[in-house]
1. Any chance segment A:31-41 includes a residue that's within 14 Å of residue C:51 (Cα to Cα), crowded, with 23+ Cβ neighbours inside 10 Å and under 18 Å from the mean Cα position of the chain (by Cα)?
2. Pull out all pairs, ordered by first then second residue, where Cβ-Cβ is under 7 Å, the residues are six or more apart or on different chains, the first lies in segment B:82-103 and is closer than 17 Å to residue B:1 by Cβ and part of a helix (DSSP H, G or I), and the second is aromatic (Phe, Trp, Tyr) and modelled with pLDDT of 90 or more.
3. I need a count of the residues in segment A:123-163 that are more than 21 Å from residue B:25 (Cβ to Cβ), buried (at least 17 other Cβ atoms within 10 Å of the Cβ) and either in contact with a His (Cβ under 7 Å, 6 or more places away or on another chain) or without any contact (Cβ under 8 Å) to a residue 24 or more places away in the chain (or both).
4. Residue by residue through segment B:18-63, note down the ones that are more than 10 Å from chain A (Cβ to nearest Cβ) and not aliphatic (A, V, I, L, M).
5. Would you point out which residue out of A:111, A:99 is over 30 Å from residue C:141 (Cβ atoms) and in contact with a Leu (Cβ under 9 Å, 6 or more places away or on another chain)?
6. Can you tell which of A:71, A:75 is buried (at least 24 other Cβ atoms within 10 Å of the Cβ) and more than 10 Å from chain C (Cβ to nearest Cβ)?
7. So, in segment C:164-188, how many residues would count as being under 18 Å from residue C:113 (Cβ atoms) and open to solvent by 20 Å² or more (accessible area, probe 1.4 Å)?
8. Here is a list of conditions, (1) under 28 Å from residue A:20 (Cα atoms); (2) without any contact (Cβ under 8 Å) to a residue 24 or more places away in the chain, and residue A:167 meets all of them except one; can you say which number that is?
Amino acid sequence: MLLTAIYLVAIAAEAASGALMGMRRRMDLFGICFIGTVTALGGGSVRDMLLGHYPLGWVAHPEYLLFTVGAAIAAALLARHAHRLHGIFLALDALGLVAFTVIGCNVAESANAPLAIVVLMGLVTGIFGGLARDVLCNQVPLVLRRDFYASVSLLTGLLYVGLQRGGIAPGHATLVAVPAGCVLRLVAIRFRLGLPVFAPPGDAKK
Amino acid sequence: MLLTAIYLVAIAAEAASGALMGMRRRMDLFGICFIGTVTALGGGSVRDMLLGHYPLGWVAHPEYLLFTVGAAIAAALLARHAHRLHGIFLALDALGLVAFTVIGCNVAESANAPLAIVVLMGLVTGIFGGLARDVLCNQVPLVLRRDFYASVSLLTGLLYVGLQRGGIAPGHATLVAVPAGCVLRLVAIRFRLGLPVFAPPGDAKK
Amino acid sequence: MLLTAIYLVAIAAEAASGALMGMRRRMDLFGICFIGTVTALGGGSVRDMLLGHYPLGWVAHPEYLLFTVGAAIAAALLARHAHRLHGIFLALDALGLVAFTVIGCNVAESANAPLAIVVLMGLVTGIFGGLARDVLCNQVPLVLRRDFYASVSLLTGLLYVGLQRGGIAPGHATLVAVPAGCVLRLVAIRFRLGLPVFAPPGDAKK
C-alpha cells in the first residue's frame, strides 16, 4: 500500500533529522542511531501507549529499525553535505509529518476513539518524535516555540477526518489529505508562517 | 460529584501554570496550549500508563481538553496581571495537587493495587504534570529541588488511605483529606517549609 | 534465585548513581529519593509499557522501593566519601547494566517478542533509567555521547540470546552472559573504549 511506502520514507527522513541534531550534541555512533530511531518511532510509540494499542508497530515489525538506523548512519556520513540537501530534507520532513498524522488518525479510528481523539492522535504521532529528540538534546522543543508545524498536523487530521465524515472512503481521503497537508507545510515554510507568541510578563518570577 | 468539579478547577489551574511557564520560554500559541494540557493531564496519563488502566481519562472525555486549552489561553492573555493573582493561583494549585492526589489514589484502589502503590499513584498523579512541564521547559524539575510540595501529596495520600483503613467511607475520607492537604500546603508556603538539601561532594566529577 | 539477588544489588547501585547526580543539581531529600528510584526502576518500567506487560515489577513488588529509597539516602549520606568508593561503584554499575539486560531479555522472551526485540528490550532495560536520570538533571544523556556502555548491553543481550538459540538453557546462558558482560564493561572502562563520534557539520544551523 502507498501509505506504507510513504511511511518508510517518512521514518527515514525523521531518523535523519534526529541524527543531525544528535551530531550537534556530539553524540557517538550509538547515540546517533538511538536518537534517530526515537525521533522516527517515538510519536507512534507514545500514541500506542496512550491508547493501550499493543503490540507497538516496531515491536511487531522490527525490520523498521533497519530503516531508522540506516538512515541515521547515512545522515551522519553525509552531514557535511546537509546544507545542499536542505530543500529535499524539508520536503521529506513535510511528507513525514503529514503521513504520520494520517497513520495516527487511522490507528485511533481502528481503536474506536472519539473524533477529537482521532485528530489528536494524528498530532501526537506527528510531533512526539521531534519532541523526544529535542528533550534528549536538552533544548526546549522547537515545535512548541515557532513555525506552522503542529498546526499543519492538526489541519491535516481535521481534513482527513472531515472527508471521512462527509462519506469519502479512507483511501480516497488519504489521497486528498496527504498532498494538501504537504502543500500547506511547504507554503508555511516558504512564507515563514507562524502562530502568535505572547510576550511574557516582565515581572514574572518563579 | 464534588470531586469532579474540583478536578475541573484543578486541571484549569495546572494548565494555567504550564502556560505561564511556557510563555517564559517564548512558546507560541500552540506551545502554550500544549504545555498547559500536558501539565494538567500528564500526571493522570502517566499513572494510567504505569497501571495499564485504559482508556485514559481524557481519551474517554476529550471535553477535558477544552478546559485545559481554554485555561492556557486565558492565562496567556492575563499573564501581565499574573502577579496580582499570585495568591489565588497558589491556592488553586494547592487544591489541584491535593485533588489530583486523592483521584490518583482512587484509580489505583479501583485497580486493586497494593496499599503502598495506591499512595504512590496519588503522588504520581499529583506531581508528574509539573515534572513534564519542567522537562519541556528545559529545567531541573522544581518539585525535586525544593518546597514542601511532593511531601504534601504523600501525606495527603497516606491520610486518605489511612482513614479508609480505619473504616471511613471513601467519600468521607475525601472530605477530610482534601481540606487537610490544602491547609498543609498553604502552611508550607506561608512558613517556607522545605526538606533538607544535601551538600554535593565538592570533589565529585563525572 | 541468583538473578533476583543480583537484581536487588543492581537497583541499589543504580539508585545510588541517580542520587549522586541529583545532589549535584541541589535536589532535596524527596528529589534524591525520587531520582534514585527512577534511575533504578525506569528502564524496566519503560520496557514493560512498550511491551504492554502489566503489572510493572515494582507495582507488584512495592518492597523494591525500599531498596531504591534506602540506597538513595545512603548514597546521599556517604557522598563525601564517594570518590573513595568509585571503583566499587563502577563495578556495581557494570553488574547492574548486565543484570538489567539479561532480565529485560527474559521479560521480552516471555512476552514472545521477536528475537531482535528481545535484544532491544535488554538494552531498554539497561539504559533507560540512566536516560531518565539525565533528562531530569537537564543534561544530554551520557549514554548517547560516549563510552562503551550501551554497546555492552547490546553485546550481552546478543550473547544471551545467541546461547539460547544454540541450545543452552536460559539459566546456563545467564551464568555465561552476566560475567562476560561485566568483564567487557570493565575492560571498556580500563581501556577507555568508546564508539566513534562524528564531527558535526560546521555550517549546520537550525
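1. Filtering segment A:31-41 down to residues within 14 Å of residue C:51 (Cα to Cα) leaves none.
There is no residue in segment A:31-41 that is within 14 Å of residue C:51 (Cα to Cα), crowded, with 23+ Cβ neighbours inside 10 Å and under 18 Å from the mean Cα position of the chain (by Cα).
2. Here the result reads B:99/B:7; B:102/B:160; B:103/B:7, each pair linking segment B:82-103 to a residue that is aromatic (Phe, Trp, Tyr) and modelled with pLDDT of 90 or more.
3. Selection size over segment A:123-163: 2.
4. Those that are more than 10 Å from chain A (Cβ to nearest Cβ) and not aliphatic (A, V, I, L, M): B:18, B:36, B:39, B:42, B:43, B:44, B:47, B:57.
5. Values: A:99 fails: over 30 Å from residue C:141 (Cβ atoms).
Going through A:111, A:99 in turn, just one is over 30 Å from residue C:141 (Cβ atoms) and in contact with a Leu (Cβ under 9 Å, 6 or more places away or on another chain): A:111.
6. Numbers: A:75 fails: more than 10 Å from chain C (Cβ to nearest Cβ).
Sole residue among the options that is buried (at least 24 other Cβ atoms within 10 Å of the Cβ) and more than 10 Å from chain C (Cβ to nearest Cβ): A:71.
7. The qualifying residues number 3.
8. Result: residue A:167 passes all but (1).
The values are calculated or read from the model by the stated rules, or taken from the named source; none is laboratory data. Everything numeric here is computed off the predicted structure, so don't read it as measured data. Every residue, glycine among them, receives a Cβ derived from its backbone with ideal geometry; neighbour counts consider all protein chains shown. When the accessible area is computed, the model is the full protein with side chains, heavy atoms only, and any ligands, DNA or RNA have been set aside. Shrake-Rupley method; radii C 1.70, N 1.55, O 1.52, S 1.80 Å.
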